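K.L.:
Following this message is one structure expressed as C-alpha cells.
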Amino acid sequence: MSFWDRVKPYVMVSPSITVFLLFFIYPIMYLFFLSFTSWNLISLTKTFVGIENYVELLKSPQFHLVIKNTVLYTFLMVSISIGLALPTALWLNKRGFLHKFTQGVIFTPHIISLVSISLVWMWIMDPDYGLLNWVMGFVGIPPSKWLANPKTALISLVVVGVWKTLGYNTLVLIAGLQSIPKDIYEAAELDNASKWRNFYKITLPMLSPSLFFLLVISTIASFKVFDTINIMTQGGPIDTTNMIVFFIYQNAFDFFKIGYASAAGVLLVIFLGLMTFIHFKLLANRVHYR
Amino acid sequence: MFKKTVLSIVLATTMIFTMIGCSSSAGEAGDTAAGENKKVEIEFWYSLGGDTGNFIEAMANEFNNVQDNIKVTATYQGDYYENHAKVMAAIASNTQPDITMVEIASIAAFADAGALEALDEYAAKESAGFLDDYVTGLMSNSYWKNNLYAMPFARSTPLLYLNVDMLKANGLNPAGPKTWDELQEFARTMTKDNVYGFATPIDIWFYEALTFQNGGNILSEDGTQAIFNSKEGVEPIEFWQNMIKEGSMKMPPGEKYNAWDVARQDFVNQNVGMIFTSTGSLKGLLEQSEFEVGTAFLPAKKDFGVPTGGANLVVLSKSSDEKKQAAWEFIKYMTSTENSGLFSKATGYMPVRTSSINSAEMEAFYKEYPQFTVAINQLDYAKRRPMAPGYRELQEIIMKEIQRAVIDDTMSPQDALNTAAEEAQKLLK
C-alpha cells in the first residue's frame, strides 16, 4: 500500500471533520468554559466564578418553571403529533386522488418557514379579530384569548407546533407502512386474522423503527422550540410559555448574562443527551428491525 | 450513481463560487482603500421600522448628498431590543456599527459595559452653549457616572389619545380627563356594548408614568434601591386592576410591543375611546383615524408626571478615531435644528433642540396641529427613566409581576410588587 493510499481516507474525511470540530465541538467546549464565568459579551475580562451560575440556576424558581414548561410542551407535542400522525397515515396509505391531495395539504406546513407560520397563527388566534374565535363561535364555543391567557398560551403553541409537524410525521409513517411486505398481510388473511389483530401484530411492530425515529427526533425538536415563542409570546404571559432555549436567548442577548445563559445551555445539552440515552435504553430493544 | 454525480457537481460549483466570491470582495476592499476619494465610511444601525424608518433612511441619504467626506450606510436592525442584542453580539465579533440607537433606559447598561464612547470632548469642541440647546428634559438619560454618552434623537413621552367624536357623543369634555378619577368616570361613561372606554398596554413605561404621578419612583435617586413596592407604586396597579374588573378598561392582549399594536388598532377601529401610547404614534394615528383625534397630558394623581422614552444616538467605543469623529458629525446633522423639526413633523417624536421648537416653521406647524404641542408642554413634568445597568432585566421582572396582578385579580398588587422588589434588589447590588 502506497503512502497516498494510506492517507487518502483521512484526506477525504478531513473537510467534514474540520467543519464538525469547528462548528460543533469547539462551540460546545467554549460553552462549557463560559458557563463557569461571569461575562457581559463585550468586556475583555471573563471573571471565573466556578459553579456559581449552576447554583443560581438550580435555585431559581423561574428556571424550575422554564423546565416544567419545556417538559410539558415536549410531552404534549410528541404524544399529540405522533398520536395523530399514526391514524392519519393509516388512512392516507391508499391510492386515489383524495388521499394524494390530502397528503399534499397536510405536508405543506412543513415547507413553510416557522416564522411565517407564527405570524399567520397570531392573526388566526387574535382574541378580537381572529379567525379561530369566529369559527368557534359558529359551533357555540365561547371565545378564548389563546396566546394572551396564561391558561391556554402553552396549549396554543402546541396547536401551532402540531399543525406544523403533522404532515412530516405522517409522511415518515406512510413510507414505513409502504415498506411492510404485503405477503405478511396475505398470510394473516389466510388465517382469518381480524383488522385489529393485523394492526397490533403486524403493522405496529413493522412500523416501530419509524415510530422510534419520530419519537427521538420530535423530543429533541420540541425541547429546542424557539421561533414560535420568540414571535408569538415572548415567553409570556407571566412566563407560562418561557422555555429553555428562549430562556437562554433572553439571558444571553437581552440581559447580557452570558455565563448564566451558558450554564443553562450546558444543562440543555445534558438533558437532551440523557433523554436520548433513556429512549435508546428503554425502547431500542422493542424496536423491530428487519 | 447519476444522483451522486449531480450532487458532486453542484457541491463543486458552489465551492468555486464561494471562493470567487471571497476573493473578489477582498479585491474590492483593497480598491477602495487605494482610491483617491477617501471618504470615511461609517455604519449606522437604527431600530425604528415603517414610515419612521424610511424617514431615517432618507435623512441618512440626504447627509451623504450634502457633504463629500463621510458616507453613512444606514441599516434597519429590528426593534430596540433586537438592535441591542445585535449590537452587543457585533461588538463581541468585531463587526459593530460606528453609531446606533439605544433605548434610553439601556444607556446605563451599554455605558457600564464600556461599549460607548464618551462624548464630552466632542461636545466641548463645539460652539459655546451647544449642549444647552438640547432640551433639558431629554438629556437626563444621556449621562452615566458624570460622562455624556448619548445624544437625544427619536424621543417621546406617553400621551393620552382621545377619540374626540366619541367624547362629544357621550357628552364628555372633549379636552379629556385631567385626573385618575376623571379618567375612570370618562371610561365608564364611554364603555358600552363592544366599546371600551380606555385601554393601555400593561407596560413598564406607563407604570412608571402612573407611579411618578402618584409621587413615587421605581428606583431610589442613586439607582441602588428598588422603591416601587411602596404605596405610591402599588396604587397604580390597584387602579388598573379595578378598572379592568369593572370592565371600563381593556387590557390589550399580546406580549411587549404586540400589545401596543393592539391598543392602537383598537383606537383606530373605535373599539376603544381613549388610549395611552407614545408620541411617536401621533402622525400615524392622525392619518389612519376617521374621527377627530385629540391628545392630552396623562391624567394626574398627586401631580402630572411622565417618563420620557425613545432612543438616543450613541457612538461605539470600538470604532477608530476617524470614524468616531465622522459619527459625531452625523449625530450633529441628525439632531440639527432643522432636521430635528423635520423628523418631529414626519413622525410625532419630539424635537430635541430648543431652537427647533421655537423656529418659525415649527410654530406654524403647531398652529395647524395643536396635538403636537401637548408632548412638549408635558415635558415640564417629565422625570428621567431609571438609570441602572440591570434595568433591562429588572423591568421584565416588574412587568411580569404587574401582569400577574392584573390578570389574576385574587393576587394582591402589594404581594406581586414585593416579589418583584425582592428579585430587583438582587440585580441592583
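K.L.:
Taking the Cα centre of segment B:83-210 as origin and charging only Cβ (+1 Lys, Arg; -1 Asp, Glu), how large is the dipole, in debye to the nearest 20?
P.N.:
Dipole about the Cα centre, nearest 20: 360 debye.
K.L.:
Report ³J(HN,Hα) in whole Hz for each residue of segment B:387-399, in order, from the Karplus equation J = 6.51 cos²θ - 1.76 cosθ + 1.60 where θ = phi - 60°; Gly and Pro get x.
P.N.:
So the J values, rounded to whole Hz, are 10, 7, x, x, 5, 4, 6, 4, 5, 5, 5, 4, 4.
K.L.:
Right, another one. Once R0 is set to 22 Å, what does the formula 1/(1 + (r/R0)^6) return for the Cβ-Cβ distance between residue A:189 and residue A:99, expressed as a FRET efficiency to the nearest 0.05? Intermediate results must be reported in sequence, preceding the final value.
P.N.:
Details: r = 22 Å, r/R0 = 1.00.
That gives a FRET efficiency of 0.50.
K.L.:
By counting other Cβ atoms within 10 Å of each Cβ, how are B:140, A:116 ranked from fewest to most? Please report the intermediate quantities before stating the final value.
P.N.:
Numbers: B:140 16, A:116 11.
Ranking B:140, A:116 by Cβ neighbours within 10 Å, fewest first, gives A:116, B:140.
K.L.:
Could you tell me the number of lysine pairs in segment A:60-286 with C-alpha atoms less than 30 Å from each other, where the two lysines are 8 or more residues apart or belong to different chains?
P.N.:
For segment A:60-286, qualifying lysine pairs total 26.
K.L.:
Please state the relative contact order of chain B as a whole percent: Cα pairs under 8 Å, 6+ residues apart?
P.N.:
Numbers: 712 pairs, mean separation 98.4, N = 429.
Reported relative contact order: 23 percent.
K.L.:
Given the -39500 (n - 2.57) contribution per DSSP H run of 4+ residues, what per-residue ellipticity at 222 nm results for chain B, rounded to the nearest 500 deg cm²/dmol?
P.N.:
So the calculated ellipticity at 222 nm is -15500 deg cm²/dmol.
K.L.:
Another question, if that's okay. Restricting to the protein assembly as shown, what percent of DSSP beta bridges are antiparallel, rounded to 5?
P.N.:
Roughly 60 percent of the beta bridges in the protein assembly as shown run antiparallel, per DSSP.
K.L.:
When the helix-only estimate is applied to chain A (DSSP H runs of n ≥ 4, each -39,500 (n - 2.57), divided by the residue count), what is the mean residue ellipticity at 222 nm, nearest 500 deg cm²/dmol?
P.N.:
-21500 deg cm²/dmol
K.L.:
Tally the DSSP beta bridges in chain B and give the antiparallel ones as a percent, rounded to 5.
P.N.:
Here the antiparallel bridges make up roughly 60 percent for chain B.
K.L.:
Roughly how big is chain B's charge dipole about its Cα centre, with Cβ charges of +1 (Lys, Arg) and -1 (Asp, Glu), in debye to the nearest 20?
P.N.:
Numbers: 36 positive and 56 negative charges, 118 e Å.
Approximately 560 debye in magnitude.
K.L.:
Need one number: nm distance between label points at residue B:195 and residue A:32, each 7 Å from Cα along Cα→Cβ, rounded to one decimal.
P.N.:
Computed distance between label sites residue B:195 and residue A:32 equals 6.6 nm.
K.L.:
So which lysines can residue B:192 reach, going by Cα to Cα under 17 Å and dropping same-chain residues fewer than 8 places off?
P.N.:
Qualifying lysines at Cα under 17 Å: B:168, B:245, B:250.
K.L.:
Here is a further query. Using only the Cα atoms of segment A:13-94, build the gyration tensor, take square roots of its eigenvalues as a ≥ b ≥ c, and label the shape rounded, prolate or oblate: rounded if a/c is under 1.5, else prolate if a/b is larger than b/c, else oblate.
P.N.:
Details: a/c = 4.64, a/b = 1.55, b/c = 3.00.
Note, shape of segment A:13-94 comes out oblate.
K.L.:
Which residues' amide hydrogens lie under 5 Å from the amide hydrogen of residue B:40, considering only partners 5 or more residues apart or on another chain, with H built in the peptide plane?
P.N.:
Those qualifying (amide H under 5 Å, at least 5 residues apart or on another chain) are B:70, B:71.
K.L.:
Cβ under 9 Å from residue A:251's Cβ, residue A:251 left aside: what net charge do those residues give with Lys, Arg +1 and Asp, Glu -1? Spell out each step's value before the answer.
P.N.:
Details: positive: A:257; negative: A:254, B:393.
So the environment of residue A:251 carries a net charge of -1.
K.L.:
If you take the beta carbon distance between residue B:132 and residue B:410 as r and set R0 to 41 Å, what does 1/(1 + (r/R0)^6) give as a FRET efficiency, to the nearest 0.05?
P.N.:
That gives a FRET efficiency of 0.20.
K.L.:
Another question about this same structure. Under the Kirkwood approximation for Rh and a Cα-based Rg, what ratio Rg/Rh is obtained for chain B? Display every interim value, and only then the final one.
P.N.:
Details: Rg = 24.2 Å, Rh = 23.4 Å.
Checking Rg against Rh, the ratio lands at 1.03.
K.L.:
So, one more: Could you work out how far apart the two model spin labels at residue B:292 and residue A:13 are, taking each label as a point 7 Å from the Cα in the direction of the beta carbon, and quote it in nm?
P.N.:
8.0
K.L.:
Is the shape of segment B:312-429 rounded, prolate or oblate, going by the alpha carbon gyration tensor and its root eigenvalues a ≥ b ≥ c, with a/c under 1.5 for rounded and a/b larger than b/c for prolate?
P.N.:
Since a/c reaches 1.5 but b/c is at least a/b, the shape of segment B:312-429 is classed as oblate.
K.L.:
Taking a ≥ b ≥ c as the square roots of the eigenvalues of the Cα gyration tensor of chain A, is the shape rounded (a/c under 1.5), prolate (a/b larger than b/c) or oblate?
P.N.:
Verdict is oblate for chain A.
K.L.:
Also: Determine, for A:135, A:162, the number of other Cβ atoms within 10 Å of each Cβ, and report the residues in order from fewest to most.
P.N.:
So the residues, fewest neighbours to most, are A:135, A:162.
K.L.:
Got a sec? Which residues in segment A:105-135 would a label at residue B:82 touch, if it sits 7 Å along Cα→Cβ and we count backbone N under 15 Å?
P.N.:
A:114-120
K.L.:
What is the fewest-to-most order of B:417, B:342, A:147, A:22 by other Cβ atoms lying within 10 Å of their Cβ?
P.N.:
Ranking B:417, B:342, A:147, A:22 by Cβ neighbours within 10 Å, fewest first, gives A:22, B:342, B:417, A:147.
K.L.:
What FRET efficiency comes out for the pair residue A:201/residue A:277, r = Cβ-Cβ distance, R0 = 22 Å, nearest 0.05?
P.N.:
Details: r = 30 Å, r/R0 = 1.35.
My answer for the efficiency is 0.15.
K.L.:
Any idea what angle helix B:204-213 forms with the longest principal axis of chain B, computed on alpha-carbon atoms, 0 to 90 degrees, nearest 10?
P.N.:
For helix B:204-213, the angle is close to 50 degrees.
K.L.:
Any aspartates and glutamates with Cα under 16 Å of the residue B:125 Cα? List them, leaving off those in the same chain fewer than 8 positions away.
P.N.:
Of all the aspartates and glutamates, those that pass the test against residue B:125 - Cα under 16 Å, at least 8 places apart if same chain - are B:117, B:133, B:321, B:322, B:329.
K.L.:
Can you tally the net charge around residue B:322? Count Lys and Arg as +1, Asp and Glu as -1, for every other residue whose Cβ sits under 14 Å from the Cβ of residue B:322.
P.N.:
0
K.L.:
A follow-up question, please. Below 10 angstrom from the Cβ of residue B:270, what's the summed charge of the other residues (Lys, Arg +1; Asp, Glu -1)?
P.N.:
-3
None of the figures in this text is laboratory data; all of them are computed from the coordinates on show. Note that the structure is a prediction, hence the values are computed from the model and not measured. Counting neighbours? That spans all protein chains shown, and the Cβs are built from the backbone with ideal geometry, glycine included.
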